[in-house]
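S.K.: Sharing a structure with you now.
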Amino acid sequence: MKRYFALITLFLTYISFSQDTFNSETYTVTKGDLETTHFEKDSTANALVLYEYGESHIDGDRFDLIFKKKVKLKILNRNGFDKATISIFLYRSDSKRETVADIIATTYNTKNGETTQTKLTKDQIFEERYNDNYTIIKFTMPNVTVGSVITYSYKVVSPFIYKYKSWRFQDNIPKLYSEYKTSIPANYEYNIKLVGDLKLVVNESDIKEDCVDGGNGAYADCLLARYAIKDLPAFIEEDYMTTRDNYLSRIEYELKIVKGFDGSVNNITKTWKTTDKELKNDDNIGKKLKKGSLVKKLLSNEILRINNPLEKAKAIYTFVQSNYIWNEEFQIFKDISIKNLIKTKTGNVSEINFLLYNLLKENDIAVTPILISTRANGLPTKIYPVISDFNYILIQATIAGKTYQLDAVDPYLTFGQVPFRALNQYGRLLDFEDGSYWVDIKPTTKSSKAYLVELNLDNEGKISGHLDYQTNGYHSIEKKSSYFENPIEYKKKYEASHLDLKMISHEVTIESKNTNTFLEKINFEKETELVGNNLYINPFLVTFFDNNPLKLQERTYPIDFGYPDTYLYSYKLNFDPDVYEITEVPTSASYKLPGGTGTLILNATKNTDHAMVFLKFNFTEAIYNSNFYPYLKAYFNKIVEVQKNALIVLKKK
């Protein structure tokens, strides 16, 4: 009986190890780490960080920054093999460089209950140049297979105290535990920024006295800190987001003040007041706002004679859009030449928009530049000035008390409309007289897509009629660009994408490249098929969304559309009541997002001689918090469903 109970106990112990006993508390590889074959919380995960630990401190002797890191990681399937290649980026300047030491890496495997270890050797570690400022130390773990557990650790020695090591908690695979410990001497003061929505389970700090010896009897205390997050979901990129760096949970450091042991104080991070003064005198920013003499003879007499300030500003804006071509470069802080732009008719963002600035200013229109960061570049920090956060220039004009944010780079933008890439929440308006300040960057034009369809069904079952397709705001920009580039090719592509329709005519109505509205009128014919005595017709000749773009189980970052949006589809089918009668129309439906931030309405009606279907849905917010994700996901499902399943059934008499 004792032997029986011993066997039962051993069996239950084995089951518990093999099912969910990942060790996320230490760097030690356990039997559970090796024998557990899947991660229940995320069945799509290819690899899993079981334990991750980092620490940074400033060496008291050489005053180098010492960074240590250790990682324990599980390979769950073959798609996770790329996580077995490790890259360590080392920064260098002209005279100094970071170095790496103490690389220790091991691959653990188990077979028939036996655990094997394969250690990384020095000849498996490689160095390669990444760019002018970075070198990569790279190695691939040996003997990796599905189920392997890998561990690696290393130390980086850095002479760059101002580049205190940031720590990225979140990655594109899930992590069970990630911890970072820091020690910062009191004579180094950093701005510390925590990014992301994931909550710290550990956030501790303490003081260690006299941790750094400055010589001659001078000492400094150290601020000790410990941060940790458990059960971090994988960060998976999806539609409707800006750069991932806006949302990945991490801690970043910016050196603010260095206090010498001799009592000196060096302010590294500047205030906006100081930064404004520097920008005002900068050759590529402030001095480019005083080039009125270069632009005096550029405008025609027709533009100069316009008396209405708003109409004059619009004419100047169109002049710059139409005559100067963007070279696809942003380049806002170096080699800016308005003179060269005027000569070659081609330039970067700053040159074109500074030309617009000077033309407007010369014509008595109040203007100020705005520094922004594009959606792909990430949000600039508001805590302190970091000029490298910005990569784009807009111009703000104030006319009759109303402000207009302008970008003359794109010829298809309307007056007061900034490009989609610039819709990144806020920017810094450079008022060199009263001081710079933050301003919102918001869409001012309404964006929408609308289809108006009216068809006639003849007695033989053939459908003919017209479809009007109108886009406004941001939706019209891509249409305008494609059309004006090659109108003939545009129509060919349109016909090729609607092979189920026989085009009779296709007409485009648009006044100019920077008009807000793009309208297409299509006349066409379409065959239907009689099944028995019934005709089955889906009223949606086109769909707004074929599939739900939101597919994640969980999303921890906002859903950023960039701008509010409206979609409308109106359909009418006429027929001879002596030939047909309607037996079925789509079921009317409605759906609302919380707080009235989106409404879907589907209405369908039938009469003796026609059927009508009307669909409208909208997104009233440009950005939705991640809490809205399940509601938006259900909303998109409803949109796809009502378009795909809508059916009008007519019976032939």
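S.K.: Looking only at residues that are closer than 17 Å to LEU429 by Cβ and part of a loop (DSSP other than H, G, I, E, B) in region 386-416, which one is most open to solvent (accessible area, probe 1.4 Å)? Walk me through how you get there before you give the answer.
M.R.: Of all residues in region 386-416, those closer than 17 Å to LEU429 by Cβ come to 386-387, 389-399, 401-407, 416.
Within this subset, residues satisfying the condition of being part of a loop (DSSP other than H, G, I, E, B) are 386, 390-391, 401, 407, 416.
Working: VAL386: 21, PHE390: 9, ASN391: 29, GLY401: 76, ASP407: 0, GLY416: 6 Å².
Filtering region 386-416 for residues that are closer than 17 Å to LEU429 by Cβ and part of a loop (DSSP other than H, G, I, E, B), the one most open to solvent (accessible area, probe 1.4 Å) comes out as GLY401.
S.K.: Could you tell me whether VAL613 is surrounded by fewer than 18 Cβ atoms within 10 Å (Cβ to Cβ), of a type in the set (A, V, I, L, M) and out of contact with any helix residue (DSSP H, G or I) (no Cβ under 8 Å at 6 or more places or on another chain)? Full working, then the answer.
M.R.: On the way: surrounded by fewer than 18 Cβ atoms within 10 Å (Cβ to Cβ): no; of a type in the set (A, V, I, L, M): yes; out of contact with any helix residue (DSSP H, G or I) (no Cβ under 8 Å at 6 or more places or on another chain): yes.
Answer is no for this residue.
S.K.: Moving on to the next point. Say whether the condition of being open to solvent by 40 Å² or more (accessible area, probe 1.4 Å), assigned to a loop (DSSP other than H, G, I, E, B) and within 28 Å of GLU252 (Cβ to Cβ) is met by at least one residue in region 70-86.
M.R.: No: zero hits.
S.K.: May I pose another question? How many residues, within region 203-240, are open to solvent by 30 Å² or more (accessible area, probe 1.4 Å) and among the hydrophobic types (A, V, I, L, M, F, W, C)?
M.R.: So the answer is 5.
S.K.: Sticking with this one: For region 297-333, what are the residues that are out of contact with any Ser or Thr (no Cβ under 7 Å at 6 or more places or on another chain), β-branched (Val, Ile, Thr) and not in a helix (DSSP H, G or I)?
M.R.: ILE306, the sole residue that qualifies.
S.K.: In region 346-373, what residues are more than 27 Å from GLY401 (Cα to Cα) and among the hydroxyl-bearing types (Ser, Thr, Tyr)?
M.R.: Listed by number, the list holds a single entry, THR346.
S.K.: On to the next question. Do you know which of the residues in region 483-503 that are buried (at least 16 other Cβ atoms within 10 Å of the Cβ) and of a type in the set (Ser, Thr, Tyr) is nearest to the chain's Cα centre (by Cα)?
M.R.: TYR483
S.K.: Over 30 Å from PHE575 (Cβ atoms), among the hydroxyl-bearing types (Ser, Thr, Tyr) and open to solvent by 10 Å² or more (accessible area, probe 1.4 Å) - does that describe any residue in region 450-465? Spell out the reasoning first.
M.R.: Filtering region 450-465 down to residues over 30 Å from PHE575 (Cβ atoms) leaves none.
Scanning region 450-465, I find no residue that is over 30 Å from PHE575 (Cβ atoms), among the hydroxyl-bearing types (Ser, Thr, Tyr) and open to solvent by 10 Å² or more (accessible area, probe 1.4 Å), so the answer is no.
S.K.: Just to be sure I understand, how many residues within region 248-298 are of a type in the set (Ser, Thr, Tyr) and open to solvent by 30 Å² or more (accessible area, probe 1.4 Å)? Before the answer, list the steps.
M.R.: Start the filter on region 248-298 by keeping residues that are of a type in the set (Ser, Thr, Tyr), which leaves 249, 253, 264, 269, 271, 274-275, 293.
When the remaining residues are screened for being open to solvent by 30 Å² or more (accessible area, probe 1.4 Å), the result is 264, 271, 274, 293.
Residues in region 248-298 being of a type in the set (Ser, Thr, Tyr) and open to solvent by 30 Å² or more (accessible area, probe 1.4 Å): 4 in total.
S.K.: Restricting to region 458-476, give me the number of residues that are outside any loop (DSSP other than H, G, I, E, B) and out of contact with any Leu (no Cβ under 6 Å at 6 or more places or on another chain).
M.R.: Start the filter on region 458-476 by keeping residues that are outside any loop (DSSP other than H, G, I, E, B), which leaves 463-472, 474-476.
Remaining after also requiring out of contact with any Leu (no Cβ under 6 Å at 6 or more places or on another chain): 464, 466-467, 469, 471-472, 474-476.
The number of residues fulfilling the criteria is 9.
S.K.: Exactly one condition in (1) open to solvent by less than 20 Å² (accessible area, probe 1.4 Å); (2) in contact with a Ser or Thr (Cβ under 8 Å, 6 or more places away or on another chain) is not met by TYR591; state its number.
M.R.: Tallying (1) open to solvent by less than 20 Å² (accessible area, probe 1.4 Å); (2) in contact with a Ser or Thr (Cβ under 8 Å, 6 or more places away or on another chain), TYR591 fails exactly one: (1).
S.K.: Is there any pair linking a residue in region 367-385 that is over 27 Å from ILE316 (Cβ atoms) and open to solvent by 10 Å² or more (accessible area, probe 1.4 Å) to one that is assigned to a loop (DSSP other than H, G, I, E, B) and among the aliphatic types (A, V, I, L, M), with Cβ under 9 Å and at least six apart or on different chains, and which?
M.R.: As it stands, the answer is ARG375/MET241; ARG375/LEU423, since those pairs meet every condition given.
S.K.: Which of the residues belonging to region 241-267 are more than 13 Å from LYS193 (Cα to Cα) and assigned to a strand (DSSP E or B)?
M.R.: ILE257, VAL258, LYS259, VAL265, ASN266, ASN267
S.K.: Further, regarding this structure: Using beta carbons and a limit of 8 Å, which pairs, at least six apart or on different chains, have the first residue in region 476-495 and over 15 Å from HIS506 (Cα atoms) and the second one acidic (Asp, Glu)?
M.R.: ILE477/ASP410
S.K.: In region 284-323, what count of residues is obtained for those that are within 30 Å of TYR162 (Cβ to Cβ) and in contact (Cβ under 8 Å) with a residue 40 or more places away in the chain?
M.R.: To start, the set of residues in region 284-323 that are within 30 Å of TYR162 (Cβ to Cβ) comprises 284-288.
Still in the running and in contact (Cβ under 8 Å) with a residue 40 or more places away in the chain: 284-286, 288.
Number satisfying all stated conditions: 4.
S.K.: Of everything in region 606-622, what is over 20 Å from PHE544 (Cα atoms) and in a strand (DSSP E or B)? Give them in sequence order. Even if it seems obvious, please write down each step before you answer.
M.R.: Restricting attention to region 606-622, the residues satisfying the condition of being over 20 Å from PHE544 (Cα atoms) are 606-611.
Once the filter is applied, which keeps residues that are over 20 Å from PHE544 (Cα atoms) and in a strand (DSSP E or B), region 606-622 yields LYS606, HIS610, ALA611.
S.K.: I would also like to ask the following. Counting only residues that are open to solvent by less than 40 Å² (accessible area, probe 1.4 Å) and in a strand (DSSP E or B), how many does region 504-533 have?
M.R.: Of the residues in that region, 7 qualify.
S.K.: Let me ask something additional. Out of the residues in region 299-335 that are under 28 Å from the mean Cα position of the chain (by Cα) and hydrophobic (A, V, I, L, M, F, W, C), which is most open to solvent (accessible area, probe 1.4 Å)? Write out each step before concluding.
M.R.: Applying the first criterion (under 28 Å from the mean Cα position of the chain (by Cα)) to region 299-335 yields 321, 325-334.
Retained after the next criterion (residues that are hydrophobic (A, V, I, L, M, F, W, C)): 325-326, 330, 332-333.
Numbers: ILE325: 110, TRP326: 47, PHE330: 59, ILE332: 7, PHE333: 68 Å².
Top of the filtered list is ILE325.
S.K.: I would also like to ask the following. What are the pairs with Cβ atoms under 7 angstrom where one residue, in region 438-467, is under 30 Å from THR275 (Cβ atoms) and the other, located anywhere, is in a strand (DSSP E or B) and aliphatic (A, V, I, L, M)? Sequence gap at least six, or different chains.
M.R.: Here the result reads VAL439/ILE370; VAL439/LEU429; ILE441/ILE372, each pair linking region 438-467 to a residue that is in a strand (DSSP E or B) and aliphatic (A, V, I, L, M).
S.K.: So, in region 468-503, of the ones that are among the acidic types (Asp, Glu) and out of contact with any strand residue (DSSP E or B) (no Cβ under 6 Å at 6 or more places or on another chain), which residue ends up nearest to PRO564 (Cα to Cα)? Can you show your working first?
M.R.: Applying the first criterion (among the acidic types (Asp, Glu)) to region 468-503 yields 468, 478, 485, 489, 495, 500.
Now drop any that are not out of contact with any strand residue (DSSP E or B) (no Cβ under 6 Å at 6 or more places or on another chain), which leaves 478, 485, 489, 500.
Numbers: GLU478: 17, GLU485: 27, GLU489: 31, ASP500: 32 Å.
Among residues in region 468-503 that are among the acidic types (Asp, Glu) and out of contact with any strand residue (DSSP E or B) (no Cβ under 6 Å at 6 or more places or on another chain), the one nearest to PRO564 (Cα to Cα) is GLU478.
S.K.: Which numbered condition in (1) touching a Leu at 6+ places or on another chain (Cβ under 7 Å); (2) open to solvent by less than 90 Å² (accessible area, probe 1.4 Å) is the only one that LYS339 fails?
M.R.: (2)
S.K.: Name the residues in region 623-653 that are over 27 Å from LEU530 (Cβ atoms) and either surrounded by 16 or more Cβ atoms within 10 Å (Cβ to Cβ) or touching an Asp or Glu at 6+ places or on another chain (Cβ under 6 Å) (or both), would you?
M.R.: Listed by number, the residues that qualify are ILE623, TYR624, PHE628, TYR629, TYR631, LEU632, LYS633, TYR635, PHE636, LYS638, ILE639, VAL640.
The values are calculated or read from the model by the stated rules, or taken from the named source; none is laboratory data. Since the model is a prediction, treat every value here as computed from it, not as a measurement. Note that we place each Cβ from the backbone using ideal geometry, even for glycine, and neighbour counts take in every protein chain shown. Each accessible area value is taken on the protein alone, full model and side chains, heavy atoms only, with ligands, DNA and RNA left out. Shrake-Rupley method; radii C 1.70, N 1.55, O 1.52, S 1.80 Å.
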